[in-house]
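The values are calculated or read from the model by the stated rules, or taken from the named source; none is laboratory data. In this text, all values refer to a predicted model and were calculated from it rather than measured experimentally. Every residue, glycine as well, gets a Cβ built from its backbone with ideal geometry; the counts of neighbours run over all protein chains shown. To get the accessible areas, we keep the full protein, side chains included, count just its heavy atoms, and leave off ligands, DNA and RNA. Shrake-Rupley method; radii C 1.70, N 1.55, O 1.52, S 1.80 Å.
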Amino acid sequence: MKNIVKEGIFFFICGIALLAYSLINHYSTTIAWSLSPYLFPLVVSLFFIVLSCTLFFSAFSSGTKKSGTAEKSSSGTSAAGSSKILWKPVLIFIAAVSVYYVIMPFIGFIASNIILLAFLFVLLGERVWWKILCLSAVTTLVIYYFFHTFLHVMLP
């Protein structure tokens, strides 16, 4: 429960800081909100704040149900004490995002994003190729449509 509350506090502080950054920088310009480069950070800050609220709710609702006792896993260790970072997937993810960043100017947003998402779905354990292809393509096209149509942001 302590870790969830810490994460909630972290995301809340990040959300408030990003919200302040967006509002201060936007109001220092004369650009309309629909064309403002600070609209996207504002939206992300709101997601951070909502995420922190859900983390707080999750921590306090699970805390009242368990009433302070830790659940035991099948190996006999407590679930709270067994949280260990698996560094190999983290490093693979960082490498994949780095390659994505490098190849995007050469092959474009749509192709590089589909490749990255397909790789990440495989990394997360999905093995059905048509699901990987459909999820990667649909997600990329929805993101592209959303940014192009509603936010008027040109993606590479």
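Listed values, structure above:
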quantity	calculated
Most mobile listed residue (SER34, SER45, SER22) in the chain, GNM with C-alpha springs under 10 Å	SER34
Fluctuation leader among ALA20, ALA118, ALA32 - the chain, Gaussian network, Cα springs under 10 angstrom	ALA32
Average Cα contact separation per residue, region 6-59, under 8 Å, 6 or more apart, as relative contact order %	56
Difference of contour (0.36 nm per residue) and Cα-Cα distance, PHE57 to PHE10	15.4 nm
Helix axis angle, 129-145 relative to the chain longest principal axis, alpha carbon, degrees	50
Cα gyration tensor, region 86-156 - rounded (a/c under 1.5), prolate or oblate	oblate
Portion, in percent, of the accessible area of the chain that falls on carbon or sulfur, probe 1.4 Å	76
Choice from VAL128, VAL138, VAL97 with maximal GNM fluctuation in the chain (Cα, 10 Å cutoff)	VAL128
List LEU39, LEU124, LEU91, ordered by accessible area with a 1.4 Å probe, largest first	LEU124, LEU91, LEU39
Modelled FRET efficiency - R0 30 Å, LEU151 with LYS88, Cβ distances, 0.05 increments	0.25
